[in-house]
1. Find the residue count for segment 42-93, including only residues that are at pLDDT 60 or above and within 17 Å of Asp113 (Cβ to Cβ).
2. Out of all the residues in segment 12-52, which are small (Gly, Ala, Ser), surrounded by fewer than 16 Cβ atoms within 10 Å (Cβ to Cβ) and not in a helix (DSSP H, G or I)?
3. Return the pairs, sorted by first residue and then second, in which the second residue is of a type in the set (Asp, Glu), the first residue lies in segment 134-151 and is surrounded by fewer than 17 Cβ atoms within 10 Å (Cβ to Cβ), the beta carbons are less than 9 Å apart, and the residues are 6+ apart or on different chains.
4. Among the numbered criteria (1) modelled with pLDDT under 70; (2) over 15 Å from the mean Cα position of the chain (by Cα); (3) β-branched (Val, Ile, Thr), which single criterion is violated by Ile165?
5. Checking Glu132 against (1) over 17 Å from the mean Cα position of the chain (by Cα); (2) acidic (Asp, Glu); (3) at pLDDT 90 or above, which single condition isn't satisfied?
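The values are calculated or read from the model by the stated rules, or taken from the named source; none is laboratory data. Note that the structure is predicted; figures quoted are calculated from it, not measured. Reconstructed Cβ throughout: ideal geometry from the backbone, glycine too, with neighbour counts over all protein chains shown.
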Amino acid sequence: MKIYKDFNYRLREYILKKHGSISAFCRATGIKYPAQMGPYLKGKSIPGKKLLAKLEKDGADIDWIMHGKRNTLISGLGAHLMTSSYKLEMERIMRRLQLLYQQLDETHSTQFDAYAVINCNLILDEFTRSFEKFLGYNNNALQGIYFLDLIHPNERAYVHNYVFIEKEENSKCELSSRFKSANNHYIEVEWSAYGNNITKDCKEHREYVIVARKSINTTANK
């Protein structure tokens with residue numbers, strides 16, 4: 001089961017039920033060319049932030065379109081991480097985590113201090129504020145940063161091979177690594193990575209959800 005399985009059918013269903021045609025939907029949402037919707041409706045591309053924002057503004061249930069589940073309140077991990085400054089981001093990331101855990105048939109009970117999403121190139125491109133606060137960086141300081149650059153040089157090769165090469169899709173791994181903080185010191189962090197591959201033939205769409213907490217025996221190292 002893929003986290004975004006059959007999203008294109010639900011997207012098409014929503015558009016046709018509300019607008020009657022793809023062209024009408026594009027006119028209503030400000031999309032210049034209907035052909036731009038082709039890759040999404042065929043399931044070859046995953047809707048990005050801009051399209052999701054247009055759908056949300058149009059009244060679509062994003063969770064149902066992307067995951068096949070109606071919008072519901074997430075508790076557990078979300079209750080520990082959610083703050084008013086990024087409440088919306090937390091709700092969305094917790095839904096992703098919940099779906100990944102359902103795939104793994106596990107119950108999420110562990111508390112975490114930070115979370116992020118990295119893309120197939122291991123770039124921090126979503127939900128970076130939590131990690132920035134966790135490691136002491138300013139807002140947006142980690143946007144576009146290569147994830148492995150945050151890990152101690154002596155541990156990068158192992159992490160890269162173990163987490164991002166050896167692990168199969170939809171699997172999880174748990175590690176303890178030294179992460180670089182804003183003051184250039186390294187702190188011991190316990191973290192988990194959950195990888196999913198959205199379509200078999202589209203490795204470029206793989207993404208990883210990262211959740212982390214400071215180790216109980218945290219020490220600072222240069």
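1. Start the filter on segment 42-93 by keeping residues that are at pLDDT 60 or above, which leaves 42-69, 92-93.
Next cut, within 17 Å of Asp113 (Cβ to Cβ) only: 93.
Matching residues across segment 42-93 total 1.
2. At the first step, the residues of segment 12-52 found to be small (Gly, Ala, Ser) are 20-21, 23-24, 28, 30, 35, 38, 43, 45, 48.
Filter again for surrounded by fewer than 16 Cβ atoms within 10 Å (Cβ to Cβ), leaving 20-21, 23-24, 28, 30, 35, 38, 48.
The answer is Gly20, Ser21, Gly30, Gly48.
3. Asn138/Glu132; Asn139/Glu132; Asn140/Glu132; Ala141/Glu132; Gln143/Asp125; Gln143/Glu132; Gly144/Asp125
4. Going through (1) modelled with pLDDT under 70; (2) over 15 Å from the mean Cα position of the chain (by Cα); (3) β-branched (Val, Ile, Thr) one by one, Ile165 breaks only (1).
5. Glu132 satisfies all of (1) over 17 Å from the mean Cα position of the chain (by Cα); (2) acidic (Asp, Glu); (3) at pLDDT 90 or above except (1).
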